[in-house]
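In what follows, a structure is listed as structure tokens, so that the remarks can point back to it.
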Amino acid sequence: MKVSFVTCDVFTNRPFTGNPLLVVPDARGLSAAEMQAVAREINYSESTFVLPSTNPACAYLQRTFVPVMEIPYAGHPTVGTAFVMAALGKLAAGAADGVHPITIEVGFGPLRLELLKKDGRVSRVRMEQGKPAWREPVTGDDVKGQIAAALGVPFDALHPTLPPQAVGTGNTFLMVPLASVTAVSAALSDTRMLNLVEKELGVLGLFFFAFDGPRVRARMFAPGAGVPEDPATGSAAGPLGVYLALHGEVPGGVADGSGRFVIDQGVEMGRASELDVTVLVENGRPVGVRVEGSSVLMMRGEVDV
């Protein structure tokens, strides 16, 4: 059985940067095992497979796989898949430039997206992530020491006042603030310790970051999901917005109930990515988050399954 695929680079407007994604626009006839085999073969951080949704309100069903398992959803695959489907003419994006809302189905149910059309084509995709959820901050020096060791940084590279904390908007990641961009760039993953921290804290990966003027520099290690390092992690960008709102640290502050900032990720990998995050705040608490970015079509082909 021959299956057609398209690849794109996500959270970038330049080829060979951002986070690469494989999309199978019509995955009918593929079993879950075959989808997993394709994802393992391509070995990108995620691959997606599009199927008809049984929900008439949803444009399609998206199944998302990392190299070693299926996950409910992820950020850059959601943005990239919508971009690919629009580029292939498989979405009713309307003729006029502007914002065109659609709803898709992912592992946890319906997910609202907005297609931002400019000069006759979809140039950016914005997604509303799931309801923010968070756990108590990590305060013990023993656990913090494990986290620092997992990232290959000294204990004093951790931020002096902001604590690590597990936050999710669909997938749960450990937010780890570091003291400087230099510390973020110098991090060197210890796979054994990372696996230990992921399992003990019940998180998909460690998303560590530092403030870089009005922006945020970030990296993400998730060896338990088969992703040693991810060039752009949309499903962690939203939780970072939630985390920063919880601690009153959204770059530029929060005005009129929302704050907006940009994450630079993938720089150390030579795959520079930009993730635009808007966090919604009511009564000082984060209640929602949106993540958006651009994508670039890269390759088309077939795979024998």
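The values are calculated or read from the model by the stated rules, or taken from the named source; none is laboratory data. None of the values given here were measured: they were computed from a predicted structure. Note that we place each Cβ from the backbone using ideal geometry, even for glycine, and neighbour counts take in every protein chain shown.
For Arg126, which of the numbered conditions (1) assigned to a strand (DSSP E or B); (2) buried (at least 16 other Cβ atoms within 10 Å of the Cβ); (3) out of contact with any Asp or Glu (no Cβ under 6 Å at 6 or more places or on another chain) fails to hold?
Exception for Arg126: condition (3).
Condition test on Gly257, is it surrounded by fewer than 19 Cβ atoms within 10 Å (Cβ to Cβ), touching a Leu at 6+ places or on another chain (Cβ under 7 Å), over 14 Å from Leu240 (Cβ atoms) and in the same structural domain as Met175 (by TED's automatic domain parsing)?
Values: surrounded by fewer than 19 Cβ atoms within 10 Å (Cβ to Cβ): yes; touching a Leu at 6+ places or on another chain (Cβ under 7 Å): yes; over 14 Å from Leu240 (Cβ atoms): yes; in the same structural domain as Met175 (by TED's automatic domain parsing): yes.
Criteria met by Gly257.
Do the conditions hold for Glu105, that is, is it closer than 30 Å to Pro223 by Cβ, modelled with pLDDT of 95 or more and not in a strand (DSSP E or B)? Quick ask: steps written out before the conclusion?
Details: closer than 30 Å to Pro223 by Cβ: yes; modelled with pLDDT of 95 or more: yes; not in a strand (DSSP E or B): no.
Spelling it out, it is not the case that Glu105 is closer than 30 Å to Pro223 by Cβ, modelled with pLDDT of 95 or more and not in a strand (DSSP E or B).
Just to be sure I understand the filter: pairs with C-beta atoms under 9 Å, separated by 6 or more residues or on different chains, first member in the range 98-112 and under 19 Å from Ile71 (Cβ atoms), second member surrounded by fewer than 13 Cβ atoms within 10 Å (Cβ to Cβ) and β-branched (Val, Ile, Thr). Which pairs pass?
Note: pairs meeting the criteria are Glu105/Thr54.
Considering the range 212-233 alone, what residues qualify as being crowded, with 19+ Cβ neighbours inside 10 Å, more than 8 Å from Gln265 (Cα to Cα) and small (Gly, Ala, Ser)?
Those that are crowded, with 19+ Cβ neighbours inside 10 Å, more than 8 Å from Gln265 (Cα to Cα) and small (Gly, Ala, Ser): Ala222, Gly224, Ala225.
Given the structure, is Phe49 in the same structural domain as Ile102 (by TED's automatic domain parsing), aromatic (Phe, Trp, Tyr) and outside any strand (DSSP E or B)? Talk me through it step by step, then tell me what you get.
Numbers: in the same structural domain as Ile102 (by TED's automatic domain parsing): yes; aromatic (Phe, Trp, Tyr): yes; outside any strand (DSSP E or B): no.
For Phe49, the condition - in the same structural domain as Ile102 (by TED's automatic domain parsing), aromatic (Phe, Trp, Tyr) and outside any strand (DSSP E or B) - is not met.
If you scan the range 186-208, which residues turn out to be of a type in the set (S, T, N, Q) and over 21 Å from Pro239 (Cα atoms)? Quick ask: steps written out before the conclusion?
Step one: list which residues in the range 186-208 are of a type in the set (S, T, N, Q), which gives 189, 191, 195.
Those that are of a type in the set (S, T, N, Q) and over 21 Å from Pro239 (Cα atoms): Ser189, Thr191.
If you scan the range 74-92, which residues turn out to be in a loop (DSSP other than H, G, I, E, B), buried (at least 20 other Cβ atoms within 10 Å of the Cβ) and either small (Gly, Ala, Ser) or at positive phi (or both)? Before you say what the answer is, go through the steps one by one.
Taking the range 74-92 as the starting set, the residues that turn out to be in a loop (DSSP other than H, G, I, E, B) are 74, 88-92.
Cutting the leftovers down to buried (at least 20 other Cβ atoms within 10 Å of the Cβ) gives us 74, 91.
Matches in the range 74-92: Ala74 only.
Which one is nearest to the chain's Cα centre (by Cα) among residues in the range 258-305 that are modelled with pLDDT under 95 and not in a strand (DSSP E or B)?
In this case the residue turns out to be Gly284.
In this structure, does Gly248 turn out to be on the phi > 0 side of the Ramachandran plot, modelled with pLDDT of 95 or more and either β-branched (Val, Ile, Thr) or surrounded by fewer than 20 Cβ atoms within 10 Å (Cβ to Cβ) (or both)?
Values: on the phi > 0 side of the Ramachandran plot: yes; modelled with pLDDT of 95 or more: yes; either β-branched (Val, Ile, Thr) or surrounded by fewer than 20 Cβ atoms within 10 Å (Cβ to Cβ) (or both): yes.
Yes; evaluated as a whole, the condition is true for this residue.
Failed condition for Val68, given (1) in contact with a helix residue (DSSP H, G or I) (Cβ under 7 Å, 6 or more places away or on another chain); (2) surrounded by 17 or more Cβ atoms within 10 Å (Cβ to Cβ), with all others met?
Status for Val68: all satisfied but (2).
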